[in-house]
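The values are calculated or read from the model by the stated rules, or taken from the named source; none is laboratory data. Keep in mind that this is a model prediction, so the values were computed, not measured. With ideal geometry, Cβ positions are generated from the backbone for all residues, glycine too; neighbour counts draw on all protein chains shown. SASA here: full protein model, heavy atoms, side chains in, ligands and nucleic acids out. Shrake-Rupley method; radii C 1.70, N 1.55, O 1.52, S 1.80 Å.
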Amino acid sequence: MKRLLFFFFSLCLINSAWAQLAEPNEAGLTFGHLHLNVADVEQHAQLWTEFFGGERITIGSLAAIKFPNMLLIMYNEAPAIDSRNTVMDHFGFKVRDIQAFRDKWEAAGHKMDPDFSGAEGQTNAYLTLPGGVYVELQEDQSLHVPIAGYHVHFLTEGHEELLDWYTELLDIQVRTRGSIATTTNVPGMNLSFGRSSTPRAATQGTAIDHIGFEIENLENFCRKLEDRGIVFDRPYNIIESVGLGNAFLTDPRGVRIEFTEGLVRIYNGE
């Protein structure tokens with residue numbers, strides 16, 4: 001009981017002082033957000049705030065949830081398919097106490113998969129949110145906050161080639177995560193790549209619509225990519241209503257990517 005009460009109290013401490021995007025690297029890159037398609041925004045917002053301890057904010061007309069290392073942004077749109085049928089299979093959080101999370105989650109009538117030992121030798125478990133958003137939790141008792149964004153996991157044919165594409169695109173290095181050799185890191189988030197023996201769908205319109213990276217001097221970054229032959233789905237532009245620069249492209253396996261500049265300002269309430 002003391003353990004559970006401590007967890008509930010700790011979740012209440014997550015606020016803007018705790019939740020931050022990671023400091024950008026020398027190139028001005030950090031992880032920014034994940035964008036979900038959900039049929040019921042209020043239902044999702046309640047789950048992300050009550051059980052995961054996120055803080056709800058608004059970006060223009062969109063609902064978003066703040067976590068350490070990332071934002072979750074939601075389109076009010078029923079997803080075409082769940083994430084487990086797409087290249088963007090799931091994303092994951094580190095949690096300080098996975099049993100306390102399970103106790104609260106299951107007491108509210110929600111289902112959670114059995115615990116298992118993950119790639120880093122910690123206790124892990126999966127759960128599925130409405131609309132088929134697949135989420136992994138990994139316990140880390142040394143975590144300085146109760147919960148924080150940790151990784152996104154791609155599953156696809158040719159996963160090693162996709163890893164190489166991301167490391168070249170973002171000028172980052174391959175970094176092993178536990179027993180998983182095919183991973184890389186951007187500030188605030190691990191990107192893991194695994195092999196799928198069956199074809200996976202592209203992400204646009206599905207449960208996890210796209211991933212987002214925050215970039216300083218985004219216009220110049222996009223110009224450099226275009227000089228290298230990268231074709232954008234939506235070139236660099238500024239969304240005047242929220243003061244956000246953005247651009248979209250799609251990776252070689254169909255994962256939609258948004259690059260932003262100004263999301264950190266919105267995240268910090270400036």
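Couple of notes before you dig in:
- If you filter region 218-254 down to residues that are of a type in the set (Asp, Glu) and surrounded by 12 or more Cβ atoms within 10 Å (Cβ to Cβ), you find that the one that is farthest from HIS33 (Cα to Cα) is GLU226.
- Where a residue in region 199-228 is closer than 26 Å to THR86 by Cα and charged (D, E, K, R) and its partner, wherever it lies, is open to solvent by less than 90 Å² (accessible area, probe 1.4 Å) and assigned to a helix (DSSP H, G or I), with Cβ under 8 Å and at least six apart: ARG200/ASN85; GLU214/LEU263; GLU214/VAL264
- Those residues of region 73-126 which are among the hydrophobic types (A, V, I, L, M, F, W, C) and under 25 Å from ILE180 (Cα atoms), in sequence order: VAL87, MET88, PHE91, PHE93, VAL95, ILE98, MET112, PHE116, ALA119, ALA125
- Number of the condition not met by GLU136 [criteria: (1) free of Cβ contacts under 8 Å to residues at least 12 places away in the same chain; (2) within 13 Å of MET88 (Cβ to Cβ)]: (1)
- Within region 96-125, the set of residues being touching a residue at least 60 places away in the same chain (Cβ under 8 Å), of a type in the set (A, V, I, L, M) and over 16 Å from PRO146 (Cβ atoms) comprises just one member, ALA119.
- Restricting the first member to region 248-265 and to residues that are within 15 Å of ALA202 (Cβ to Cβ), and the second to residues that are among the hydroxyl-bearing types (Ser, Thr, Tyr) and surrounded by fewer than 19 Cβ atoms within 10 Å (Cβ to Cβ), the beta-carbon pairs closer than 6 Å and six or more apart or on different chains are ARG256/THR250.
- Strands (runs of 3 or more DSSP E) within region 88-156 that include 3 or more residues within 19 Å of ASN185 (Cα to Cα) and open to solvent by less than 40 Å² (accessible area, probe 1.4 Å): 88-95, 133-139, 147-156
- Positions within region 157-180 being assigned to a strand (DSSP E or B) and basic (Lys, Arg), in sequence order: ARG177
- Test: THR176 is open to solvent by 30 Å² or more (accessible area, probe 1.4 Å) and within 19 Å of PHE52 (Cα to Cα): no
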